[in-house]
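The values are calculated or read from the model by the stated rules, or taken from the named source; none is laboratory data. Predicted model, so just to flag it, every value in this text is computed and none were measured. Heads up, the Cβs are rebuilt from the backbone with ideal geometry, glycines too, and the neighbour counts pull from every protein chain shown.
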Amino acid sequence: MTPPDTPMTKHLRINSPTLEPQDVEYLAECQFAIEPSLAKLLSVAELAGWDRTHVVLAAFSLCAEFARQPQYPRTKQ
């Protein structure tokens, strides 16, 4: 079941990959796909009063943690 759109999720859509993970352009395609959502997250955190540098460092730290965790089954929304 897809959650209803809220002001936070309304515009947070990420394009699906068109390339295979072994393709040399896969990473660039992924970066292009997630950049708008990441920029929105940074903006929302800044508007909430968080310092941009700390938000970026916190996101980086969380991403490093996620990278160490086992991959969960993918769910389609």
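List of remarks:
- Within segment 1-60, if we keep just the residues that are hydrophobic (A, V, I, L, M, F, W, C) and assigned to a loop (DSSP other than H, G, I, E, B), the residue that is modelled with the lowest pLDDT turns out to be 1.
- Cross-chain or 6+ apart pairs with Cβ under 6 Å, segment 40-51 first and closer than 17 Å to residue 14 by Cα, then aliphatic (A, V, I, L, M): 42/55
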